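Below is one structure, written out as structure tokens; comments come after it.
The values are calculated or read from the model by the stated rules, or taken from the named source; none is laboratory data. Treat the numbers as computed from the prediction; the structure is a model and nothing was measured. Cβ: placed from backbone, ideal geometry, glycine included. Neighbour counts: every protein chain shown.
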Amino acid sequence: MENLNQLELAIFESLSNDYPSIKIHVPLLKVLSREITGVGMYVNFADYELPNDTPAIESKYGVIGTNENIEIEELELGLIYEVNLSNGKIVFIEMVTYGEEEWSGCIGDFKLTKQ
């Protein structure tokens, strides 16, 4: 299992503005896999145990996001993302291009910008 990369950490830092309890979950995350789909990527996390007093991340639909664009050099229009939850815990991040035909999954330098 791997640790989170800089982009994943930046996504969670941004989300913590609206979901403060996420800061407690992030140190518990380990990456199981990063699946490149051709037009996006899934970052799958290992299940983790929450300490007894740790609040669950609340979401009406089981997903959270910030409506930010991830700008990277390889893509003209960048990526959008959402974080999927189950039982108040982080399960995976889904990143998708804005209709570009193919993405290698390379990130390099990036910037999160409001849409």
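Given (1) touching a strand residue (DSSP E or B) at 6+ places or on another chain (Cβ under 6 Å); (2) loosely packed, with under 15 Cβ neighbours inside 10 Å; (3) touching a residue at least 24 places away in the same chain (Cβ under 8 Å), identify the lone condition not met by Glu35.
(3)
Which members of the stretch 92-106 meet the condition of being surrounded by fewer than 18 Cβ atoms within 10 Å (Cβ to Cβ) and not polar (S, T, N, Q)?
Val96, Tyr98, Gly99, Glu100, Glu101, Glu102, Gly105, Cys106
Could you grab the pairs with beta carbons closer than 9 Å, sequence gap of 6+ or different chains, first residue in the stretch 58-71 and of a type in the set (Lys, Arg), second one surrounded by fewer than 17 Cβ atoms within 10 Å (Cβ to Cβ)?
none
Where residues in the stretch 57-104 are in a loop (DSSP other than H, G, I, E, B), more than 20 Å from Ala46 (Cβ to Cβ) and under 14 Å from the mean Cα position of the chain (by Cα), which of them is modelled with the highest pLDDT?
Across the stretch 57-104, the extreme among qualifying residues is Gly65.
For the stretch 40-56, which residues satisfy the criterion of being β-branched (Val, Ile, Thr) and at pLDDT 95 or above?
Val43
Tally up the residues in the stretch 12-59 that are in contact with a Gly (Cβ under 9 Å, 6 or more places away or on another chain), aliphatic (A, V, I, L, M) and within 16 Å of Leu85 (Cβ to Cβ), please.
Residues in the stretch 12-59 being in contact with a Gly (Cβ under 9 Å, 6 or more places away or on another chain), aliphatic (A, V, I, L, M) and within 16 Å of Leu85 (Cβ to Cβ): 4 in total.
Across the stretch 1-21, what is the total count of residues that are modelled with pLDDT of 95 or more and not in a loop (DSSP other than H, G, I, E, B)?
Here the count works out to 10.
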